[in-house]
Amino acid sequence: MKKLFWLVAALALASCQLVAQTEVQTETAIPAATVIPGETLTDETYLTIETAGFSGPLPPGETALQVTVRDGAGLVVEGASVQARGDMTHPGMTPIFGIGVETAPGVYRVPLDLNMGGDWVITIDATSANGLSATQQVNLQVEN
Amino acid sequence: MTAKLKTPLYQPPPAFDALWMPLIGRLLRWRWGRLTLQTPLLLIALLLIYDGFSGSPMASRNLATITPWVHFRGLAVLALLLVGNLFCMGCPFTIPRTLAKRLSIRGRRFPRVLRNKWIAIGTLFALFFFYEWLDMWASPALTAWVITAYFAASFVLEAAFTESAFCKYVCPLGSFNFTYSAVSPLQIQVKNSAICAACVGKECVNGSYSPQPVTLIDEIGIQGEPIKTHEHNSRGTPGCGTLLFAPQIQSNMDCTMCLDCARACPHDNIGLFGRGFGAELSRPKVWQNRYDISFLVIGLAWLGLVNAFGMVPPVYDLMQSLAAAFGLTALGLSDKLIEGVALLLIFMVGAGVIPLATTFAAAGLARMLTHTQKRDKLRVALASFAPIFVPIGLGFWIAHYGYHFLTGLWTIVPVFQEFLLNHRIGILGEPNWTLGGTPNLELIGALQAVAVVIGYAASLWLTQKIALRLYRRQMLAGFVVWALLLTVMLLAGLWLFSQPMEMRGVVIFD
């Protein structure tokens, strides 16, 4: 009977962990800019990504993100390679991809085909000509 | 006492017995046959737990979410329709059974008051509600916890009780499989019931396991000499975990297709026989006119609608309206909590109040119109028609799970490639995320409609059969009432599956 008690206790603990895990999952995690590993963070060693082009829920279909890439000093970065990947939060959906085209110095237009209503996580990767990179995730909602 | 075995004058041609199929039959009959099926699924389950806790938190890039919510469910409903309860047969959660039995406090049965399907109805309702509310589909970690909880619950109940209480009374997946295996073309049956009547050990239910060898005498000859004996020993097989007695089995309900009965039978008198699709559904009193089984079946059909409704745009408008109507937004509750309350209301009405009200009303009305109030109790009038909800319910589930299965069929390949690469195994190369391309949603939509309409048509056919058996000349009046209810469900299903999918986890209330 003791063994059973401990098993039930372990199950109860697992349930508490489960609830805690759920709370974590509902928060939006947007990672900061990434840097070259091992280097000290200075204005010249990291990039930041700013996104625009969506406020509030979007309708399904073609859309475009406006991505601005800056360096640590806040200056726009020209000639960067910008790519975006869109995943639905539901499993089993094929991801979508978009490649950024520079429309103004440091500003990139990334076309995306949000082909289904629901929650999307857009992961944007930017790499400058001198090899610095940054990644940012943006959550957005598509409503039919 | 020995029963004499009489050879009947007419012997029907032998039915198809899956246990005598080449290779597969031998594997199924083998002592370790079930374990052979369970082991790969156990490894997959452990892999899912591992990836769920340690892999990408993004559901579309994690095996823990892709495998159960996209592939497992789709394959399970197809297997139920085309073969049988294969997923209970290969269920990995029951593998620790032997260990649990060693820890078991022997002799204790599951409490009599709980030996019914009410707990299973509760766990099914809870599973689908929490699936929607907590967005289990979007959380690999949560899914891994659910799988872990399954192992734990199965183990604890196996250890605490003599029979497989988890499978029979608790497991929501098992209850789903039991219900829809009613349409499956395979069923456990005995070859000759006279042999069962003469059988001494009833090994199909009692098992042939004994720590010390015991010899049983099945038949005694004229001189008192044993004609047929067999031995129980430590290499024996446990009997039916859900305590089904093979010659009395008329339905797949509660049968996990573990085949322990066939392995334990010393007379080789049990087979896995072919039968017509849904053959048991038109048999009278197949589920003993029980309310619990009836509402398991009826509730599951409605849950099929409610579960799909949780993933189309109108549900969000309805939740907003409910939150406003009940003043939930004014209470200062979090959006998640408001969503939970609104969703609970939708589930309680859609999978509780409506099924109860409509089926009682239909049963009452049919009794009145056919003038059978004095002859049939309301329970009999309702439970007799419970089987008609199986085909239409399965149609809803195939439409829903089939959608996810077909749209996400190939997505498991790049996810597995990425998993291997993350563990420095490059054997499958770089993930090909565009594999399968964009699914043809028009074609999938048409297939969904076909599944729902076929389910409806089968339900109607069943309704006229049951109405004819129950009401004879008055059958039309009884048939029309139930057909009307099925038609309402059909229209609801067609409307629902014509809506665009919108899988939102975050709902913001005004």
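Worth a mention:
- The helices (runs of 4 or more DSSP H) found wholly in the stretch B:22-79 and carrying at least 2 residues that are farther than 23 Å from B:Gly174 by Cα occupy B:24-29, B:33-54.
- Residues in the stretch B:322-344 that are outside any helix (DSSP H, G or I) and either small (Gly, Ala, Ser) or closer than 22 Å to B:Leu305 by Cα (or both): 3 in all.
- Residues of the stretch B:432-455 classified as away from chain A (no Cβ under 14 Å), aliphatic (A, V, I, L, M) and under 25 Å from the mean Cα position of the chain (by Cα), total: 7
- Reported count of residues in the stretch B:346-376, each being surrounded by 14 or more Cβ atoms within 10 Å (Cβ to Cβ) and either charged (D, E, K, R) or in a loop (DSSP other than H, G, I, E, B) (or both), is 4.
- Filtered residues of the stretch B:156-185 (kept if farther than 17 Å from B:Cys258 by Cα, within 14 Å of chain A (Cβ to nearest Cβ) and not small (Gly, Ala, Ser)): B:Val156, B:Leu157, B:Phe161, B:Val170
- Test: residue in the stretch B:391-399 that is in a helix (DSSP H, G or I), away from every other protein chain (no Cβ under 11 Å) and surrounded by fewer than 16 Cβ atoms within 10 Å (Cβ to Cβ): no
- Among the strands (runs of 3 or more DSSP E) confined to the stretch A:68-144, the ones with at least 3 residues that are over 17 Å from A:Gly53 (Cα atoms) are located at A:81-88, A:117-127, A:133-142.
- Leading residue by the ranking (modelled with the lowest pLDDT) among those in the stretch B:297-332 that are away from chain A (no Cβ under 14 Å) and out of contact with any helix residue (DSSP H, G or I) (no Cβ under 7 Å at 6 or more places or on another chain): B:Gly332
- Selection count, the stretch B:481-510, where residues are among the aliphatic types (A, V, I, L, M) and either surrounded by fewer than 17 Cβ atoms within 10 Å (Cβ to Cβ) or in contact with a Ser or Thr (Cβ under 8 Å, 6 or more places away or on another chain) (or both): 10
This table checks each residue for (1) farther than 24 Å from B:Ala138 by Cα; (2) in contact with a Phe, Trp or Tyr (Cβ under 7 Å, 6 or more places away or on another chain); (3) modelled with pLDDT of 95 or more; (4) of a type outside the set (Ser, Thr, Tyr).
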| position | (1), (2), (3), (4) |
| --- | --- |
| A:Gly61 | no, no, no, yes |
| A:Ala64 | yes, no, no, yes |
| A:Arg70 | yes, no, no, yes |
| A:Gly74 | yes, no, no, yes |
| A:Glu78 | yes, no, no, yes |
| A:Thr89 | no, no, no, no |
| A:Met93 | no, no, no, yes |
| A:Ile96 | no, no, no, yes |
| A:Val101 | yes, yes, yes, yes |
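- From the list B:Glu163, B:Glu219, the one residue that fits, being charged (D, E, K, R) and closer than 19 Å to B:Asn116 by Cα, is B:Glu163.
- Which numbered condition B:Ser251 misses (of (1) hydroxyl-bearing (Ser, Thr, Tyr); (2) more than 30 Å from B:Leu378 (Cβ to Cβ); (3) buried (at least 19 other Cβ atoms within 10 Å of the Cβ)): (2)
- Test result for B:Trp137, at the interface with another protein chain (Cβ under 10 Å from one of its Cβ atoms) and open to solvent by 30 Å² or more (accessible area, probe 1.4 Å): no
- Here B:Ala323 meets the list (1) surrounded by 14 or more Cβ atoms within 10 Å (Cβ to Cβ); (2) among the hydrophobic types (A, V, I, L, M, F, W, C); (3) out of contact with any Ser or Thr (no Cβ under 6 Å at 6 or more places or on another chain) almost entirely, failing just condition (3).
- Looking only at the stretch B:410-429, and only at residues there that are among the aliphatic types (A, V, I, L, M) and either in contact (Cβ under 8 Å) with a residue 40 or more places away in the chain or touching a strand residue (DSSP E or B) at 6+ places or on another chain (Cβ under 7 Å) (or both), the one that is most open to solvent (accessible area, probe 1.4 Å): B:Ile412
- Selected residue [assigned by TED's automatic domain parsing to the domain that holds B:Met136, in contact with a helix residue (DSSP H, G or I) (Cβ under 7 Å, 6 or more places away or on another chain) and open to solvent by 10 Å² or more (accessible area, probe 1.4 Å)] from B:Leu63, B:Leu27, B:Leu46, B:Leu80: B:Leu27
The values are calculated or read from the model by the stated rules, or taken from the named source; none is laboratory data. Predicted, not measured: the structure shown is a model, and the values here were computed from it. Don't worry about glycine lacking a Cβ; one is built from the backbone with ideal geometry, like all the others, and counts go over all protein chains shown. The area values use the complete protein model at the heavy-atom level, side chains included, leaving out ligands, DNA and RNA. Shrake-Rupley method; radii C 1.70, N 1.55, O 1.52, S 1.80 Å.
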